[in-house]
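Read-outs throughout are calculated quantities, based only on the coordinates presented, and are distinct from any laboratory measurement. Keep in mind it's a predicted model, so treat the numbers as computed, not measured. All Cβ positions, even for glycine, are placed from backbone atoms using ideal geometry, and neighbour counts span all protein chains on display.
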Amino acid sequence: MKNIGVVGCGLMGAGIAEVAARADLDVLVVESSPEAAAAGRERLAASLRRAEAKGKIADAAAVLDRVRVITELDALADREIVIEAIVEDEGAKVRLFSALDAIVTSPDAIFASNTSSIPVTRLAVATSRPSHVVGLHFFNPVPVLSLVELAPTLLTDPDVAERARTFARDTLGKHVIESKDRSGFVVNALLVPFLLSAIRMVESGFATAEDIDEGMVRGCAHPQGPLALVDLIGLDTTKAVAESLYEEFKEPLYAPPPLLSRMVEAGLLGRKSGRGFYRYERNRA
Ligand code: NAI
């Protein structure tokens, strides 16, 4: 594949666009407003400047030249693959997949969702081509973490799943594991209950965020503690993912604790808003 469309240029969309551009693809990213497009482009540019400063890429400006961040969804008509990375909201994603179905012209084009927890089947059946829809779940930060979960649905054509696997592995250089189309796939179905347990510990006064995180970093050699990780993921995204997992499995361990809901309602979204369980320099993430 030579070109790619990405919808959403937040934490994940910008990261996916970055790895695609670093793999020499022509990248078109669609955002919902000019302001969000400008912020997404700056997020991408800043990440590329950091990669250049660390010697990971030779020329950040040349990579950025391969990316256009726009607001017109119609411009995705010629794309060979479109990866959706908009907000974790089923209604919004269903509307988007239905719109993409009417726009993208090639019958071979692959539609992928980066959803963390919404069953991909629900997005696939919003199109007239469910055989070409698959889950491709990247990890944050996308340029750093090498894993992608491939999630074909019951309706995905095996050739399409294989092409998506080859694209993630050979074009983007990722390691691919496969999961059934279950909310959370493999990693979030295991990770999210752990993160929610850490939030419940803070909520009940069992221990401080700092001590919980230090415990897991020093005691279990985790690269960062669970509350720092929730701040990185985004508290809104963590809550949305927990709700989908709870809806799917009806297990209390997936239910978002009230403290998480209150923090989201208060706008304490983690790094992206400047404050979550910790405080950050605003919009640094
Ligand atoms: P985010 O909130 O940083 O970015 C979402 C972006 O989508 C925003 O910039 C928003 O303006 C844009 N958007 C919303 N509706 C849109 C539309 N209709 N058309 C175009 N753009 C639209 O969220 P984030 O973290 O990037 O998450 C995106 C997706 O990736 C979600 O499905 C999430 O579950 C998934 N994900 C998130 C991870 C994380 O660590 N944050 C990890 C892996 C997957």
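Between His137, His222, His175, find the one with the highest GNM mean-square fluctuation for the chain; connect C-alpha pairs within less than 10 Å.
Evaluated over the chain, the most mobile residue of the options is His222.
DSSP loop GluC sites (Glu not before Pro) in the range 45-154 with at most 14 other Cβ atoms within 10 Å of their Cβ, which ones? It would help to have the intermediate numbers written out before the result.
On the way: sites: Glu52, Glu72, Glu80, Glu84, Glu88, Glu90, Glu149; in loops: Glu72, Glu80, Glu88.
For GluC sites (Glu not before Pro) across the range 45-154 that sit outside H, G, I, E and B with at most 14 neighbouring Cβ atoms in 10 Å, the list reads Glu72.
At 7 Å along the Cα-to-beta-carbon direction for both Arg200 and Ala266, put a label point, then send me their distance in nm to one decimal.
If labels sit at Arg200 and Ala266, their model points lie 2.1 nm apart.
Net charge around Pro252, counting only other residues with Cβ within less than 15 Å of its Cβ (Lys, Arg = +1; Asp, Glu = -1)? Walk me through the numbers before you get to the answer.
Numbers: positive: Arg200, Lys250; negative: Glu203, Glu243, Glu247, Glu248, Glu251.
That works out to -3.
Given points 7 Å out from each Cα along the Cα-Cβ axis, report the Val186 to Arg49 separation in nanometres with one decimal.
3.8
So if each residue of separation counts as 0.36 nm, and I subtract the Cα-Cα distance between Lys2 and Leu145, what length gain in nm does that give? Kindly include the intermediate steps, with their values, before the conclusion.
On the way: separation 143, 0.36 × 143 = 51.48 nm, distance 2.27 nm.
Gain on stretching Lys2 to Leu145: 49.2 nm.
Report the gain in length on full extension from Asp78 to Thr105: 0.36 nm times residue separation, minus Cα-Cα distance, nm rounded to one decimal.
On the way: separation 27, 0.36 × 27 = 9.72 nm, distance 0.63 nm.
Full-extension gain reported as 9.1 nm.
Amide H of Lys174: which non-local residues (sequence gap of 5 or more, or other chain) have their own amide H closer than 5 Å, using H built in the peptide plane?
For Lys174, the qualifying residues are Arg169.
Among Val217, Val160, Val176, whose mean-square fluctuation peaks in a Gaussian network model of the chain (Cα, cutoff 10 Å)?
Highest fluctuation among the options: Val217.
At R0 = 41 Å, how high is the FRET efficiency between Asp65 and Val217 if r is their beta carbon distance? Nearest 0.05 is fine. Let's see the in-between values first.
Details: r = 39 Å, r/R0 = 0.95.
Approximately 0.55, to the nearest 0.05.
Taking every pair of Cα atoms in the chain, average 1/r, invert it to obtain the Kirkwood radius, and report Rg/Rh to two decimals.
Working: Rg = 18.5 Å, Rh = 19.3 Å.
Rg/Rh for the chain comes to 0.96.
If I take every Cα pair under 8 Å that is 6 or more residues apart in the chain, average their sequence separation and divide by the length, what percent do I get for the relative contact order?
Values: 527 pairs, mean separation 37.4, N = 285.
The value is 13 percent.
Identify the GluC sites (Glu not before Pro) of the range 181-285 meeting these criteria: DSSP loop state and at most 14 other C-beta atoms within 10 Å of the C-beta. Before the final figure, lay out the partial values.
Working: sites: Glu203, Glu210, Glu214, Glu243, Glu247, Glu248, Glu265, Glu281; in loops: Glu281.
Passing sites in the range 181-285 are Glu281.
Tally Lys/Arg at +1 and Asp/Glu at -1 over every other residue whose Cβ is under 10 Å from the Cβ of Val69; what's the total? Intermediate values should be presented prior to the final figure.
On the way: positive: Arg41, Arg43, Arg68; negative: Glu31, Glu42.
Net charge in that neighbourhood comes out at +1.
For Ala58 and Glu210 in one chain, what is 0.36 nm times their gap in residues minus the Cα-Cα distance, to one decimal in nm?
Details: separation 152, 0.36 × 152 = 54.72 nm, distance 3.75 nm.
Taking 0.36 nm per residue and subtracting the Cα distance, the gain is 51.0 nm.
For Ile70, list long-range residues whose amide hydrogen, built 1.01 Å from N in the peptide plane, is under 5 Å from its own amide hydrogen.
Here the answer is Val29, Val30, Glu31, since their amide H atoms fall under 5 Å of that of Ile70.
Show the residues, 5+ positions off or on another chain, whose built amide H is closer than 5 Å to the amide H of Ile57.
For Ile57, whose amide H was placed from the backbone, the distant partners under 5 Å are Glu52.
Relative contact order of the range 7-146: what whole-number percent is it, with Cα pairs under 8 angstrom and at least 6 residues apart? List each step's numbers first, then the result.
On the way: 227 pairs, mean separation 37.3, N = 140.
This gives 27 percent for the range 7-146.
Restricting to DSSP H runs of at least four residues, report the calculated mean residue ellipticity at 222 nm for the chain, -39500 (n - 2.57) per run over all residues, nearest 500 deg cm²/dmol.
It lands at -13500 deg cm²/dmol.
In the chain, which whole DSSP H runs stretch at least 18 Å along their own axis (Cα) and average 1.0 or higher on the Kyte-Doolittle scale?
Working: long enough: 34-53 (28 Å, -0.47); 90-103 (20 Å, 0.56); 187-203 (24 Å, 1.57); 235-249 (21 Å, -0.21).
Length and hydropathy pass: 187-203.
Less than 23 Å apart at the alpha-carbon level, and either on another chain or at least 8 residues along: which lysines does that give for Lys2?
The qualifying lysines are Lys56, Lys174.
Given a 10 angstrom Cα cut-off, can you work out which residue in Leu195, Leu227, Leu155 is the most mobile in a GNM of the chain?
Highest fluctuation of the listed residues: Leu155.
Relative contact order for the range 188-272 using alpha-carbon pairs under 8 Å, separation at least 6, rounded to a whole percent? Please report the intermediate quantities before stating the final value.
Working: 85 pairs, mean separation 28.0, N = 85.
Reported relative contact order: 33 percent.
Looking at this model, which pairs from Lys180/Lys272; Lys93/Lys272; Lys54/Lys239 are more than 26 angstrom apart at the alpha-carbon? Could you put the intermediate results ahead of the total?
Values: Lys180/Lys272 31 Å; Lys93/Lys272 21 Å; Lys54/Lys239 34 Å.
Where the Cα-Cα span goes over 26 Å, the pairs concerned are Lys180/Lys272; Lys54/Lys239.
Calculate the spin-label point distance for Asp157 paired with Tyr280, positioning each point 7 Å from the Cα along the beta-carbon direction, and give it in nanometres.
Modelled inter-label distance: 4.0 nm.
By the scheme Lys and Arg +1, Asp and Glu -1, what is the net charge of all other residues having a beta-carbon under 11 Å from that of Ser261?
Net of charged neighbours comes to -2.
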